[in-house]
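One structure below.
Please treat every number below as a calculation from the coordinates, not as lab data. Quick caveat: nothing in here was measured; it's all calculated off a predicted structure. FYI the Cβ positions are ideal-geometry reconstructions off the backbone, even for glycines, and counts take in every protein chain you see.
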Amino acid sequence: MGPGRVRASKNTAFMRFIEPHAHMVSRTTDDYADLATAGCVALCEPAFWAGFDRGSADGFRDYFRQLTEYEPRRASNYGIKHFTWLCINPKESEDMALAADVLSVIPEFMECSNVLGIGEIGLNKNSRNEIKVLEQHVDLAASHDQLVLVHTPHLEDKHKGTRLILDVIKNDSRINPERVMIDHVEEHTIGMVLDAGHWGGMTLYPESKCSPARAIDMIERFGSDRLWWDAACDWGPSVPLAVPRTACEMRRRGHDEKLIEKVIFGNPKTFLSQSERFNL
């Protein structure tokens, strides 16, 4: 359906927000329409797994073109600004030769106008090869003064994986902790992320990661500084409108409108604006 399409979405009310983590290559154009209707003014799309393992760096080169050329045009049809991050994701990092080839391709796209940094890098199974590729990504980000977006594991030990990730970042003295977003935090990892000086993202999934109620509980427990919510909508069970729906639940629980706006708009804007390319 074309750019003029508007569909009301239940359990949402119009409010300005930024969707800081969404894999729109896996979503239909209808999702852009719904996001715009709900108040989304910008979204960020990290590079991730395509639902299958790619076989060559050329596959990633085509994917990076999709993120830097096609998706921004699709988003602009609905008045949404589209930004992106580049990497080889942790799921495909076991192949060290492929990872090296992809890492050599990334600089070709780092000057594109919607590229904010390196991400979503991190760990999937906490393996040695994944850690080596993570270190190489961190070096690339430091060498080019880029923001960093990190995926924490949910298939293996998240606490252990998060600790390994924090150690890798800490070991590179060129990285400013405030320029690193550690995503998919949960109750047992959010504290260590904030204590390390990083930002933390709570991913609102229907079946895993973090529910809206738990996300609000964490805001109530840890405060709202250096935290955001994201949908991380992709090929699997996920909800593109998770952020505004959780904001509605936060309002129902009696929270101040200024606090809600801080979490869904102010905080992501503050972090992302550390890149000169992020402009609203």
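When the chain is modelled as a GNM with alpha-carbon springs shorter than 10 Å, which of F17, F52, F64 fluctuates the most? Answer for the Gaussian network model of the chain: F52. PRE reach from D167 (point 7 Å along Cα→Cβ): which of the range 177-191 fall under 11 Å by backbone N? Correct set: none at all.
Once the C-beta distance of S208 and R61 is scaled by a Förster radius of 25 Å, the resulting FRET efficiency is 0.20 to the nearest 0.05.
With K and R counted +1 and D and E -1, the other residues having a Cβ less than 10 Å from that of C112 yield a net charge of -1. Over every Cα atom in the range 121-280, the radius of gyration and the widest Cα-Cα span, Dmax, amount to 15.5, 46 Å.
Sorted on the mean count of surrounding Cβ atoms within 10 Å across their residues, most packed first, peptides 89-101, 233-245 read 233-245, 89-101. For the chain, the dipole from Cβ point charges (+1 on Lys and Arg, -1 on Asp and Glu) about the Cα centre works out to 860 debye, to the nearest 20. Largest mean-square fluctuation among E71, E111, E261, in a Gaussian network model of the chain whose springs join Cα atoms under 10 Å apart, belongs to E111.
Using C-alpha pairs under 8 Å with a sequence gap of at least 6, the mean separation divided by the residue count of the chain gives a relative contact order of 19 percent.
Over the range 17-269, the hull volume per residue, using the convex hull of the C-alpha atoms, is 110 Å³.
Note on the range 169-203 and the range 37-73: Cα centroid distance 24 Å, given to the nearest whole angstrom.
When shorter helices are ignored and each DSSP H run of at least 4 residues is given -39500 (n - 2.57), the per-residue value for the chain at 222 nm works out to -10500 deg cm²/dmol.
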